[in-house]
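Take a look at the structure below.
Just so it is clear, none of the values below were taken in a lab; they were calculated from the coordinates. Since this is a predicted model, take the numbers as computed values, not measurements. Neighbour counts run over all protein chains shown; Cβ positions are idealised from the backbone, glycine included.
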Amino acid sequence: MELWQLEAYAEIRNLISAYNSFGDRGRFDELIGLFAVNAVMDINDGRLYEGTDQIKTIFTGTSDSLSKGDSPSYIQHHTSSTHIEFEGTEKANSKSYFSVFLSHGIDHWGRYEDEFENMNGKWVFVYRRVKTDGWIPDGWAAKRLEGKN
């Protein structure tokens, strides 16, 4: 493995981690900064979210649905088994597993499929597919996803 690959691998792993960290803490402006302006996100709800303005609505809508009064509910995303492949020095893709925990415990789980580009020396998401594979009955995801997968 060449030095540029090691550096890119570390940056992309950090990018994936920052996505969950920023999202879980409601730091949506920082989260949106991880995406290319014209990025696409597919969360398996029947539509594609194109561009950062549309992508941001995914997170603000989720935050609203998780809030209880003035204090947000506990949410924690875990990502594992990330496999990154490079398509030259400026493009890469990855596949990862995720699990989401809420105050009642694990709520849902699935896979991320990502495409990245190095833009002006910074790796960013250009495409993210969120595929939810399963959820607990009566959990937050069950109320939103049943019948959509």
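Computed from label points 7 Å out along Cα-Cβ, the spacing between residue 21 and residue 76 is 1.5 nm. On full extension, the segment bounded by residue 99 and residue 5 gains 31.1 nm, given 0.36 nm per residue less the C-alpha separation.
Taking each residue as 0.36 nm, the span from residue 48 to residue 138 lengthens on full extension beyond its C-alpha to C-alpha distance by 29.8 nm.
Between the listed residues 94, 28, 132, the Cα displaced farthest toward the positive end of the dipole of the chain, a dipole computed from Cβ unit charges relative to the Cα centre, is found at 132. Label-to-label distance for residue 113 and residue 32 is 2.7 nm, based on points extended 7 Å past Cα in the beta-carbon direction. Among 143, 95, a tally of other beta-carbon atoms within 10 Å of each Cβ gives an order, fewest to most, of 143, 95.
State which stretch of the chain is the longest one without any exposed GluC sites (Glu not before Pro), exposure meaning a DSSP loop state and at most 15 other Cβ atoms within 10 Å. Numbers along the way, then the final one.
Numbers: sites that count: 2, 87, 90, 146.
Result, exposed sites excluded: 3-86.
Assuming 1.002 mPa s and 20 °C, estimate D for the chain with Stokes-Einstein, Rh taken as the Kirkwood radius over Cα pairs, in µm²/s. For these conditions, the coefficient is 134 µm²/s.
Rounded to the nearest 500 deg cm²/dmol, what is the calculated helix-only ellipticity per residue at 222 nm for the chain, with -39500 (n - 2.57) per DSSP H run of length n ≥ 4? Before the final figure, lay out the partial values.
Values: 4 runs with 48 residues, N = 149.
The helix-only estimate for the chain comes to -10000 deg cm²/dmol at 222 nm.
Provide 41, 119 in ascending order of the number of other Cβ atoms located within 10 Å of each residue's Cβ, fewest first. Let's see the in-between values first.
Numbers: 41 19, 119 12.
The most exposed by this proxy come first: 119, 41.
Relative to the longest principal axis of the Cα atoms of the chain, the long axis of helix 3-24 lies at roughly 20 degrees.
Counting only DSSP beta bridges with both residues in the chain, tell me the antiparallel percent, nearest 5. Don't jump to the answer; show the numbers that get you there.
Working: 39 of 43 bridges.
Looking only at bridges with both residues in the chain, the antiparallel portion is about 90 percent.
Across the chain, C-alpha contacts under 8 Å between residues 6 or more apart give a mean separation that, scaled by the residue count, equals a relative contact order of 21 percent.
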